[in-house]
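Data first, discussion second: the structure below is written as structure tokens.
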Amino acid sequence: VQLQASGGGLVQAGGSLRLSCAASGRTNSNYAMGWFRQAPGKEREFVAAISWRGSVANYKDSVKGRFTISRDNAKNTLYLQMNSLKPEHTAVYYCAVGRRSSGIAGPDDVSSWGPGTLVTVSS
């Protein structure tokens, strides 16, 4: 599966962005998808994930209630709606395909990575 993320950019604190991740290639497999991020000087960290059918989502505690992950399997696209953004949300955001259909808990659960999209939140 090949992934292409988009929707990143520069936004002021308090603003919103919606990231998209289009999947192509072997998209007929059932798999969970998710988002990770890597801030400057920090390790890549889990942000959110969603099961194949979209019935189960899990989030990093600090983004709960602020970020919403969703997917449209008919369009082979994953989304991350980010609201009330803060400067500490600045990072490169990566979409990921899971090894299983049920979910992603960390990098070990990922089979494919997208190239990333930069989100910059100014204060």
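The values are calculated or read from the model by the stated rules, or taken from the named source; none is laboratory data. Source: prediction; values computed, not measured. Positions of Cβ are backbone-derived with ideal geometry, glycine not excepted, and every protein chain shown enters the neighbour counts. Just the protein is used for accessible areas: all its heavy atoms, side chains included, with ligands, DNA and RNA removed. Shrake-Rupley method; radii C 1.70, N 1.55, O 1.52, S 1.80 Å.
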(request) Return the sequence-ordered ³J(HN,Hα) values of region 105-116 in whole Hz as given by the Karplus equation 6.51 cos²θ - 1.76 cosθ + 1.60 applied to θ = phi - 60°, using x for Gly and Pro. (result) 10, x, x, 5, 8, 9, 9, 9, 10, x, x, x
(message) Please compute the modelled spin-label separation between Gln81 and Arg66, points set 7 Å along Cα→Cβ, answer in nm with one decimal.
(response) 1.7 nm
(request) Please list, in chain and number order, the residues 5+ apart from Ala48 or on another chain whose amide H is under 5 Å from its amide H, with Hs placed from the backbone. (result) Trp35, Lys60
(message) Over the chain, what is the relative contact order in percent, taking alpha-carbon pairs closer than 8 angstrom and at least six residues apart?
(response) 37 percent
(message) What whole-number distance in Å separates the alpha-carbon centres of region 34-63 and region 92-115?
(response) 9 Å
(request) Principal axes first, then extents: for the Cα atoms of region 51-101, list largest minus smallest coordinate on each axis, whole Å, largest first. (result) 33, 20, 19
(message) If I take R0 = 35 Å and measure r between the Cβ atoms of Glu88 and Asn30 in this structure, what FRET efficiency does the formula 1/(1 + (r/R0)^6) give, to the nearest 0.05?
(response) 0.55
(request) Please list the non-local residues whose amide H lies under 5 Å from the amide H of Thr90, H modeled 1.01 Å from N, same-chain partners needing a gap of 5 or more. (result) Val121
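Can you tell me the FRET efficiency between Gln38 and Asn73 if r is taken as the Cβ-Cβ distance and R0 is 25 Å, rounded to the nearest 0.05?
0.40
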(message) Show me, for region 40-46, the HN-Hα J-couplings you get by feeding each phi into the Karplus relation (A = 6.51, B = -1.76, C = 1.60, θ = phi - 60°), rounded to Hz, glycine and proline as x.
(response) x, x, 10, 7, 5, 10, 5
(message) Computing the accessible area with a 1.4 Å probe over protein heavy atoms, can you report the carbon and sulfur percentage for region 40-102?
(response) 44 percent
(request) Would you mind working out the accessible area per residue for region 1-122, using a 1.4 Å probe, and quoting it in Å²? (result) 50 Å²
